[in-house]
Structure formats: C-alpha cells, structure tokens
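Where a number appears in this text, it was derived from the coordinates with a stated rule and is not lab data. Keep in mind that this is a model prediction, so the values were computed, not measured. Virtual Cβ from ideal backbone geometry, glycine too; neighbours counted across all protein chains shown.
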C-alpha cells in the first residue's frame, strides 16, 4: 500500500504535490519522493521518512515545472530502510520516464529473468516498481520505434505491458517532454481517481490520486475513477486521452481499503468509505446479538480512529452506551504499518492511552477495524484490564485474516497472522479476552458493494481466493521465505 499523485497544470505544481502527499501520508511512512517536469527536464527529490521531514525550502525551489508526481511508500517489496528503494524510479529510454506505483506484482521471479535475458535491461533494486517501469519502457520503446509519438502508441505499449504483468498496480508516469501516463491493473485492485479544474487559460488542469480527498482538498472536481485496465494520457498542455488497454477488465477492488487503509472522507469506486464502515457496524451488531447476552455489556468502545464509524453503529444498533476510552497520540505512526513485530509492539503504548474512569468495574465491548497479527489487540486488552475493566469482549469489523495479502499490504507470512490455522477459542486465549466476535465474510462484502457500482471485491486475505489467479501455495511459500530471510 502506497499513495500516489500526479498533476498537469498551467502553474508551478511543487506545492500542490507536497500538499497532496501530506493528505496521503496515512498510506505510507517509510519514504517519499517528488518529481517535476520542466519542458523535457526532470527534477527529483526522494528521501526516507515522512513528507514533512523530507523536503526543505531549497528542495522545493529546485522542483520546477507544471507537470509532476509524488509518492509515499509503505514497503511491501524491497527494503524499507534503503533510500534507493524509494520511489519514483527513472529510466532514460524511451524519451525518459519517471514512475510511481501502488500495489504488488506477483510474477516478479519471471519478470526478473525476462528483463535480463529478453529485454537486456538492468534493475538496481529489489523493488517490483522498478521492474514495472522497465517492462513498460520496453513495450513503449517497441511501439514507438520507427513512428511518431502518439497517444495510440502509448496505449499500445500499455496493452502489451498488461499482458506481461501480474498482480496489482495503479501507476503514474512522466514521459519527458510529452506528459503524464496513468494506468490501473485489469482487476482494479488498487485505487486511482482522476479530477480536473478550470484554469486561467480556460482549459483544464488535471490531477490523478490514490484517494478522492486529495482531489477535493486541492479544489479540483472529481471526474471519475480510472477504470480497471484503462490508461489515461494527459499532454503537458492539458489535453486528455483515455483508452481501455485490457481484453477482459473486471473490477475487484481491495476490501481492506474500505476496512482500514483509506481515509473515511474518501470515495473509492463510487462508494463512500465512511458509509461502508457505518454499514460494517450495522451488520457486525447483528452478529453480536446472536453470540452474547446484551445485558452483560456496559459500554461499546472503538479503537481510534478507523473503527469509530463501525463502533458508533454497533452501539446504536445494540442500544448500549458508546464511550471513548482509548485516546490516541497523533504524533506516532500507524502501528499496522510499522515494520517488525517488536517495534510494532513497543509503539502501541506510545500510540494509545486508556482512561481509567471509563473502564473501572465495567464490561467493555471493544470494536476494532480488523485483527491481523494480534499484537496490537493483545496490548489493548492488557491496557483495558489494567485500567480496571471487569470483562472484555473484542469484536472486529472485518472477518478473520487467515491468508497472506499479496496485492500491496504487508501481510506476507501466514505464521504471523493470529487467525491462521487457529480456532476462535485459541485466539481468545492468546488475546486473554472473554469473547472474540468477527464480522462474517458475506456481511463485509454486503457492507461495501453496491450492485450498480461494485459487484465483487478482492477478499483474498479472508478467503484465500486470489482474484488474479496463479497465486499458488508454492508462490505463497516463496513469498514467506523471502520475507523471513
């Protein structure tokens, strides 16, 4: 999971991209990068850490141009602590291309051989984004060779690239002297939205971003989501072209975007993230009613912040008082994103504090958005009991995470997942709770989909069914071995 943005404007856009990356910071905290294009000249700055730490005044002054892109990284491929793995990546031919990518490729072993033997291309990192860029560059060079640059030749290159790439990818690229190219994988797993606004020349400025809130906060109007398999090309002058570049596009957006990753004030694939989370709470409440005696619960509490909408609805549907008992330190990163179990474990108490007066001698029903490794949940239960809770029931707005997520979320090892090969009773024992209640898979699906907009979801981390196919047990074993090595 990463955050990406691209802008084509009549004005200098370095500040716009910087502001956009701040809005996307929740999507990645490992590193960030910003690139602009001034005519056919690229200017690039990338660094480890968060946006506010990475760019200084002198950096911004050097990032000249009215076309550009930016990235915040949450490492799922490649080392998190190496600046060389930070995006964007660059190749010098054809024309010169700079690219940012959100997602995970699942055929990197095959691509590595193809790039070296067939394409005669060298990658200097372990990043699948650099592989994606080089495959795209190879296919564009083939299409453009011997002919004039045109949107049709660009789209033909993207079509050929789709045929070689597997996995999830939403990407934005600068093509030197020509404009911005954006595309989305044929299953639309990772999000990408396009917006526009009228400029002083009575033409349009354009923006592409991972989440709609970026478009709205920059005073653009949302045009639509980029379709699965579609490519968008916007010239440096602001002329927009689009084409479907996949033979069989299907929309299977990642369900975890709605559960946890996206900001609640975003709209993805036409569905409000906030409203989806409210519906998760409504349906979770129905499951809770079937499993516990409501007279045994005194208060409902969320784990801030992403579970708050679901928790409010649970309390409302159950007729139980809603209270805030956990308070968040805004200056600590999201624990789910932090690398390493020990660092994640240590950060929980820095991130959350339990207010004793809300817990003492009470039976607490805690609502969280999801339970992945269980490390955070275990610490939260301990905090609640230390604060004086009499009984703790833990509920999750998402189903048990039993399988690795291979499409851009850092869940590569089955053995790190608390629900992998474990019963609910075993999970309750590990977490030291009185009862564990999960959302049903069908209820999660029904809380998100709207048959007029979305008919299916990627639910692979809950069901083990991978929408792109070719994700075999052998592949999962290899991913796990690479992650643990």
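Scaling the Cα radius of gyration of the range 1-66 by the globular reference 2.2 N^0.38 Å produces a ratio of 1.05. Taking every DSSP bridge with both residues inside the chain, close to 80 percent are antiparallel. Sorted ascending by nearby beta carbons within 10 Å, beginning with the fewest, 362, 290, 64 become 290, 64, 362.
By the count of other C-beta atoms within 10 Å, a proxy for reagent exposure, 312, 1 are ordered fewest to most as 312, 1.
Rounded is the label for the range 3-250, because the ratio a/c of its alpha-carbon gyration tensor axes (a ≥ b ≥ c) stays below 1.5. Rounded, prolate or oblate, given the Cα gyration tensor of the range 273-453, with a/c below 1.5 counting as rounded? The shape class here is rounded. Ranked by the mean number of other Cβ atoms within 10 Å per residue, highest first, peptides 417-426, 292-301, 11-20 order as 11-20, 292-301, 417-426.
Taking 7 Å steps out from each Cα toward its Cβ at residue 316 and residue 485 produces label points 5.1 nm apart.
For the pair the range 46-77 / the range 439-478, the C-alpha centres are spaced 33 Å from each other. When Rg/Rh (Cα atoms, Kirkwood Rh) is calculated directly from the model, which label among (i) 0.95; (ii) 1.70; (iii) 0.99 fits? Derived directly from the coordinates: (iii). Taking the alpha-carbon centroid of each part, what is the distance from the range 241-256 to the range 164-238 in angstrom? After rounding, the separation between the Cα centres reads 14 Å. With everything on Cα atoms, drop me the angle between helix 151-164 and the longest principal axis of the chain, reported from 0 to 90° to the nearest 10. With rounding to tens, the tilt is 50 degrees. Each stretch of four or more DSSP H residues adds -39500 (n - 2.57); spread over every residue of the chain, this sum gives -9000 deg cm²/dmol at 222 nm. Can you give the angle from 0 to 90° between the axis of helix 375-386 and the longest principal axis of the chain, with both taken from C-alpha atoms, to the nearest 10? Helix 375-386 sits at roughly 30 degrees to that axis.
Pull out a ≥ b ≥ c, the square roots of the eigenvalues of the alpha-carbon gyration tensor of the range 21-132, then state rounded if a/c is under 1.5, prolate if not and a/b is larger than b/c, and oblate in the remaining case. All intermediate terms of the calculation are to be shown ahead of the outcome.
Working: a/c = 2.41, a/b = 1.34, b/c = 1.80.
Taking the square roots of the gyration eigenvalues as a ≥ b ≥ c, the range 21-132 is oblate.
Relative to the dominant Cα principal axis of the chain, helix 14-23 is inclined by about 20°. Across the range 3-250, C-alpha contacts under 8 Å between residues 6 or more apart give a mean separation that, scaled by the residue count, equals a relative contact order of 21 percent.
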